[in-house]
Amino acid sequence: MHPDKLAQKGKSVTAEDRDRFTRMRNAYEVLSDPRRRETYDAIGERGMKWMEDPLSIDPQELAHNFATSSILDRSKIFAIFLAIYVALFLLPILICLMADGTFGGAKWVAVLTPLWIWDVFILFYHTRVIMMGPIKRPEHIPEEEWVDPLPMKKRVSALVRFVFLVLFQVLLALKMDAIIAFPWWAVFIPLYFWEVMALKKKISLAMINIATHAELELAIGKNFAACNTFEREDIHRRFILVPAKSGPVYDAACRIKAEAKMDVVRILARVVFTVLLVLNLDLGKEWSWWIVFIPIFVMVVCIVGSSFQNWVEVQAEAAKRDPSLFDQTADVEQGYAQMDDDAKNDDDQPLTDEEKEELNAKVAQAAYRVLGTCCTQCFFLVLLCVLVGKMQGAGYSWLVIISPFLAAGGLVLCCLACTIFCVSEVDENAGLADFDTRVNEATAAAGYGATYDGGDYTPPTTEQPGQQQQEEQQSVPSSSTDARAAETKPISKPPPTATWDPEKGEIWQNTTQDEENEETTNEVISAPKQEKTDLLDNIEDAQPAVVEPQLSEASEDFDLD
């Protein structure tokens with residue numbers, strides 16, 4: 001029952017009652033949502049919590065659970081990674097073996113069985129996405145600002161596009177098995193439709209406008225909140241809204257637009273390549289495969305060139321905003337000479353340290369993207385050359401083409417196996433017993449009697465200054481006393497205490513000093529250096545065992561003065 005209702009009935013509400021109500025409310029929310037209920041039935045409460053809020057996972061708890069897990073549990077984890085490795089590389093290995101003639105008279109339809117399994121899973125996924133209906137609006141987003149990120153039109157379009165791809169795969173397998181006698185151009189028709197649908201989507205994204213809310217309202221002629229659902233969907237197809245024409249959000253929008261342009265180049269290159277491939281197969285031109293693959297080589301050059309152009313633009317913008325970034329103002333002005341005077345006047349104000357760090361990070365990210373693009377495209381070019389060489393009649397196996405991927409995947413799998421099976425929990429108390437033993441041995445060798453047995457540590461008690469001084473005097477005899485005085489044990493006495501008198505000043509009690517010794521001590525304090533030495537010798541010879549602590553106190557007072 002709700003804690004407030006319990007309080008209204010006069011019952012005391014405890015923390016257990018509140019926790020019970022919270023659990024009941026969470027359980028009701030999970031059971032009332034079909035998707036969350038399925039997730040709960042599949043992976044449990046903790047798994048559902050991790051799926052909804054991955055940051056709630058405690059890394060220390062996760063590492064502790066993994067380090068204390070059994071060999072069977074670790075084997076299950078490794079089996080998952082092994083299954084992923086097999087699922088990724090099984091189909092390419094089968095295709096290469098079939099192309100090498102290892103399977104003899106096997107059919108391509110049977111060899112491509114893993115591909116059909118993948119297609120079934122992906123078709124099931126697209127069907128589930130369509131059947132789940134519109135996505136519910138989150139509570140923290142107003143209704144007038146909510147736009148379904150996966151509208152039904154986009155879901156159906158994705159399903160139709162994937163169906164075209166599956167149809168091309170089926171026709172290609174039947175054609176290679178000589179089951180159908182279609183020409184090659186007819187076999188590639190579903191692939192053309194698949195590419196055209198992708199090209200339409202990428203062209204619209206490459207031509208999208210990046211605008212702020214003020215620019216958008218000026219362009220459409222009314223407030224964005226006043227638009228209906230269809231108008232907002234159309235706006236999201238035509239515009240990318242950013243808070244300002246600078247900053248990380250604007251840079252991300254520009255990268256999305258640039259990547260869409262490169263996707264258009266890739267699609268056009270693939271279309272031209274398939275056209276040349278079909279002409280070479282259907283017309284029997286017997287062109288060199290190097291000519292057929294020319295569009296792919298051109299695509300690689302365009303990708304690398306676009307990446308370098310983006311890097312140069314970022315450098316030019318950084319040099320314009322902060323010429324001291326590269327320490328060559330004159331060279332920057334000559335190399336990037338297309339700068340307006342108005343822009344210079346606007347950027348005359350010096351940048352803050354935060355803006356300079358952001359500018360440096362932007363240039364570094366552009367350089368990293370160029371480096372990554374060059375490395376990946378060079379690797380792709382090597383594999384492409386190996387593929388074309390094999391199609392031209394080279395004698396090596398088709399497995400050589402995918403061997404780098406197999407080696408990289410095997411290396412990753414070995415590292416995962418070492419990580420999974422070799423990690424163990426470290427005992428924080430490990431080695432302490434050996435350490436205590438070594439400490440005790442070293443203590444005994446040094447001549448000390450006390451040893452540390454690893455038990456509880458008892459801190460020293462706080463002592464009065466006079467008592468501590470007395471114990472030190474008892475344990476360390478003066479160098480000027482004889483053997484008899486060193487063996488003599490001073491009589492224990494209560495610690496001295498002091499009170500303050502406005503007329504007399506500080507008065508000590510429980511000092512056990514007679515008036516004669518006290519006068520002698522005062523004389524020692526006020527006497528010159530040579531007289532002090534004579535008085536000290538006389539006092540030590542007369543009363544070594546009793547006066548010694550008093551003289552130590554007097555000499556200590558003298559040092560303080």
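Quick notes on this one:
- Note on the range 280-321: residues that are among the aliphatic types (A, V, I, L, M), open to solvent by 40 Å² or more (accessible area, probe 1.4 Å) and either outside any helix (DSSP H, G or I) or closer than 27 Å to Lys201 by Cβ (or both) total 4.
- Scoring Glu215 on the criteria (1) assigned to a helix (DSSP H, G or I); (2) touching a helix residue (DSSP H, G or I) at 6+ places or on another chain (Cβ under 8 Å) leaves a single failure, condition (2).
- Among residues of the range 384-401 that are of a type outside the set (Gly, Ala, Ser), those with a beta-carbon under 6 Å from a residue that is part of a loop (DSSP other than H, G, I, E, B) at least six positions away or on a different chain give the pairs Val388/Phe293; Trp398/Asp100.
- Residues that are outside any helix (DSSP H, G or I), among the aromatic types (Phe, Trp, Tyr) and open to solvent by less than 80 Å² (accessible area, probe 1.4 Å) occur at least once in the range 236-249.
- Leu159 being in contact with a Pro (Cβ under 9 Å, 6 or more places away or on another chain) and either surrounded by 13 or more Cβ atoms within 10 Å (Cβ to Cβ) or over 25 Å from Ile130 (Cβ atoms) (or both): no
- Test: residue in the range 186-204 that is among the charged types (D, E, K, R) and under 30 Å from Val109 (Cβ atoms): yes
- Search result, residues across the range 129-158 that are in a helix (DSSP H, G or I) and either within 32 Å of the chain's Cα centre (by Cα) or touching a residue at least 24 places away in the same chain (Cβ under 8 Å) (or both): Val129, Ile130, Glu144, Glu145, Arg155, Val156, Ser157, Ala158
- Only one of Pro151, Pro190 that is at negative phi, open to solvent by less than 60 Å² (accessible area, probe 1.4 Å) and out of contact with any Phe, Trp or Tyr (no Cβ under 8 Å at 6 or more places or on another chain): Pro151
- The criterion of being loosely packed, with under 12 Cβ neighbours inside 10 Å, without any contact (Cβ under 8 Å) to a residue 60 or more places away in the chain and closer than 30 Å to Met176 by Cα does not hold for Gly44.
- Filtered residues of the range 225-235 (kept if open to solvent by 30 Å² or more (accessible area, probe 1.4 Å) and assigned to a helix (DSSP H, G or I)): Ala225, Ala226, Thr229, Phe230, Glu231, Glu233, Asp234
- Residue match in the range 237-252 (condition: within 17 Å of Ser306 (Cβ to Cβ), touching a Lys or Arg at 6+ places or on another chain (Cβ under 9 Å) and modelled with pLDDT under 85): yes
- Matching option when the condition is part of a helix (DSSP H, G or I) and modelled with pLDDT under 90, among Ala430, Ala407, Ala444: Ala444
- Matching residues, the range 104-128, being open to solvent by less than 70 Å² (accessible area, probe 1.4 Å), assigned to a helix (DSSP H, G or I) and aliphatic (A, V, I, L, M): Val109, Ala110, Val111, Leu115, Ile122, Leu123
- Test result for Ala252, free of Cβ contacts under 8 Å to residues at least 60 places away in the same chain, aliphatic (A, V, I, L, M), closer than 30 Å to Met299 by Cβ and exposed (fewer than 13 other Cβ atoms within 10 Å of the Cβ): yes
- When the range 69-103 is limited to residues that are charged (D, E, K, R) and in contact (Cβ under 8 Å) with a residue 40 or more places away in the chain, the one that is least open to solvent (accessible area, probe 1.4 Å) turns out to be Arg74.
The values are calculated or read from the model by the stated rules, or taken from the named source; none is laboratory data. Note that the coordinates shown come from a computational prediction; the quantities given were computed from them, not determined experimentally. Here the Cβ is made from the backbone with ideal geometry for all residues, glycine too, and neighbour counts use every protein chain on show. Side chains included, ligands, DNA and RNA excluded: accessible areas come from the protein's heavy atoms. Shrake-Rupley method; radii C 1.70, N 1.55, O 1.52, S 1.80 Å.
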